[in-house]
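One structure is given below, encoded as structure tokens.
The values are calculated or read from the model by the stated rules, or taken from the named source; none is laboratory data. Everything numeric in this text was worked out from a predicted model, so none of it was measured. Don't worry about glycine lacking a Cβ; one is built from the backbone with ideal geometry, like all the others, and counts go over all protein chains shown.
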Amino acid sequence: MTDSTLRASGLRDAAAAPPFDAGGLERWMAEHIADFRGPIAVDQFAGGQSNPTYLVESPDRRYVLRRKPSGRLLPSAHAVDREFRVIVALADTDVPVAHGYALCEDPAIIGSAFYVMDYVEGRIFWNAALPEVPAPGRRAIYEEMTRVLAALHSVDYAALGLGDFGKPGNYIERQVGRWTQQYRATATDPIDAMDQLIEWLPLHVPAGEETSLVHGDFRLDNTIFHPQEPRILAVLDWELSTLGSPLVDLAYFCVRYRLTANEFSGLSAVDPAALMIPTEAECVADYSRRRGIDPIAPQDWVYYLAFCMFRLAAILQGVLARALQGNASNATALDAGRRARPLAELAWRLVQRSF
């Protein structure tokens with residue numbers, strides 16, 4: 001594989017020694033991964049604001065390593081062990097995932113817990129408008145996203161051994177509490193819109209909450225598509241997965257329709273028909289049809305969207321805090337973290353217009 005091919009795959013522009021002992025990693029892989037053969041070369045992917053991600057190349061194959069970041073961490077954050085557990089559980093389902101090889105919870109190996117999975121060759125779409133896809137093929141990309149999301153929410157999580165992967169029921173209420181706590185633990189400058197949402201969200205939780213296995217960060221750039229076909233080969237970044245509300249997962253996927261292109265690579269200023277992609281309403285209808293559920297009440301849908309913006313703002317605030325502390329896993333973390341405020345303000349405006 002040439003250096004230019006690696007760069008096109010999303011690795012950092014400048015090759016550098018990994019911030020851990022590659023020799024120790026190689027010895028661990030030889031002990032825990034069947035048919036592994038060294039030596040290895042390690043390079044970091046440019047993406048990944050939360051858990052640093054690396055390409056590990058051996059003479060025979062390519063692997064991906066996901067690790068916890070260094071520095072002071074919040075107790076429930078960066079749960080690479082949960083990521084590994086869920087991709088292993090989903091291996092034989094209709095939800096496409098990379099093959100998980102092994103989990104290491106011993107920080108002595110590379111300085112933090114990590115897991116190793118297969119490298120999946122394919123396309124990652126970073127722009128929701130899909131400019132690199134010929135217009136007639138864009139709808140199929142979105143329909144594949146809703147197909148996979150519906151498949152995820154339809155799996156029998158108890159039969160997969162994930163009955164204890166979260167607490168069934170009251171997911172949204174607990175999530176509001178969790179992200180309120182996370183936000184306050186990482187707050188830098190006050191954000192009035194976050195304070196408004198923290199007060200409003202617990203009082204307006206929609207009734208009749210369903211429980212399913214949820215991804216928590218389901219979006220285009222967390223999937224790998226087949227090189228030519230509109231088919232997902234692997235869903236990535238399962239750090240936020242748990243047992244929760246499938247409609248929150250759906251809203252998070254659809255929230256790009258409400259976000260700006262400049263700050264969030266969103267679609268708020270474009271005409272979906274002109275791009276030949278489904279509208280937000282069409283995505284919701286397609287998902288509902290695939291799952292056989294009733295239409296979502298308009299005010300409930302607004303709540304799910306606002307909650308997703310609130311949660312993402314809390315995550316971005318954590319990214320900002322780590323960047324200011326010097327513990328960011330990505331050089332662009334400071335800019336990404338500063339998007340917390342406009343996102344919270346967008347969520348609060350949506351609430352004010354709709355309730």
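List pairs: first in the stretch 210-224 and touching a residue at least 40 places away in the same chain (Cβ under 8 Å) and not assigned by TED's automatic domain parsing to the domain that holds Val97, second aromatic (Phe, Trp, Tyr) and surrounded by fewer than 21 Cβ atoms within 10 Å (Cβ to Cβ), Cβ under 9 Å, 6+ apart or cross-chain?
Leu213/Phe165; Leu220/Phe125; Leu220/Trp126; Asp221/Phe125; Asp221/Trp126; Thr223/Phe125
Tell me whether the stretch 15-33 contains one or more residues that are assigned to a loop (DSSP other than H, G, I, E, B), modelled with pLDDT of 95 or more, surrounded by fewer than 18 Cβ atoms within 10 Å (Cβ to Cβ) and not acidic (Asp, Glu).
yes
Does the stretch 267-292 hold any residues that are more than 21 Å from Arg147 (Cα to Cα) and touching a residue at least 12 places away in the same chain (Cβ under 8 Å), and which are they?
Selection gives Val270 alone.
Among the residues of the stretch 75-91 satisfying the criterion of being assigned to a loop (DSSP other than H, G, I, E, B) and at pLDDT 95 or above, which is farthest from Ile315 (Cα to Cα)?
It comes out as Ala91.
On the basis of being in contact with a helix residue (DSSP H, G or I) (Cβ under 6 Å, 6 or more places away or on another chain), at pLDDT 95 or above and either farther than 30 Å from Pro134 by Cβ or not acidic (Asp, Glu) (or both), does Leu250 make the cut?
For Leu250, the condition - in contact with a helix residue (DSSP H, G or I) (Cβ under 6 Å, 6 or more places away or on another chain), at pLDDT 95 or above and either farther than 30 Å from Pro134 by Cβ or not acidic (Asp, Glu) (or both) - is met.
Would you please list the contacts, defined by Cβ atoms under 7 Å and residues six or more apart or on different chains, that run from a residue in the stretch 113-136 that is more than 29 Å from Glu263 (Cβ to Cβ) and in contact (Cβ under 8 Å) with a residue 60 or more places away in the chain to a residue that is basic (Lys, Arg) and surrounded by fewer than 20 Cβ atoms within 10 Å (Cβ to Cβ)?
Sorted first by the residue in the stretch 113-136, then by its partner, the pairs are Tyr119/Arg62.
Collect the residues in the stretch 163-190 that are assigned to a loop (DSSP other than H, G, I, E, B), more than 19 Å from the chain's Cα centre (by Cα) and closer than 28 Å to Leu90 by Cα, keeping them in residue-number order.
Gly163, Asp164, Lys167, Pro168, Gly169, Asn170
Restricting to the stretch 184-237, name every residue that is of a type in the set (Asp, Glu), surrounded by 14 or more Cβ atoms within 10 Å (Cβ to Cβ) and within 16 Å of Ala306 (Cα to Cα).
Within the stretch 184-237, Asp195, Asp217 qualify.
Of all residues in the stretch 295-345 being of a type in the set (S, T, N, Q) and either in contact with a His (Cβ under 7 Å, 6 or more places away or on another chain) or in a loop (DSSP other than H, G, I, E, B) (or both), which is modelled with the lowest pLDDT?
Restricting to residues being of a type in the set (S, T, N, Q) and either in contact with a His (Cβ under 7 Å, 6 or more places away or on another chain) or in a loop (DSSP other than H, G, I, E, B) (or both), the top hit is Ser329.
Six or more apart or on different chains, Cβ under 7 Å: which pairs go from a residue in the stretch 24-39 that's under 18 Å from Leu55 (Cβ atoms) to one that's in a helix (DSSP H, G or I)? Could you list them?
If the second residue must be in a helix (DSSP H, G or I), the pairs left are Phe36/Met29; Phe36/Ala30; Gly38/Glu26; Gly38/Ala30; Pro39/Glu26.
Does Ser288 fit the bill of being at pLDDT below 95 and surrounded by fewer than 21 Cβ atoms within 10 Å (Cβ to Cβ)?
In short, no.
Determine whether Arg147 is in contact with a Leu (Cβ under 7 Å, 6 or more places away or on another chain) and over 30 Å from Ala34 (Cα atoms).
Against the criterion (in contact with a Leu (Cβ under 7 Å, 6 or more places away or on another chain) and over 30 Å from Ala34 (Cα atoms)), Arg147 does not qualify.
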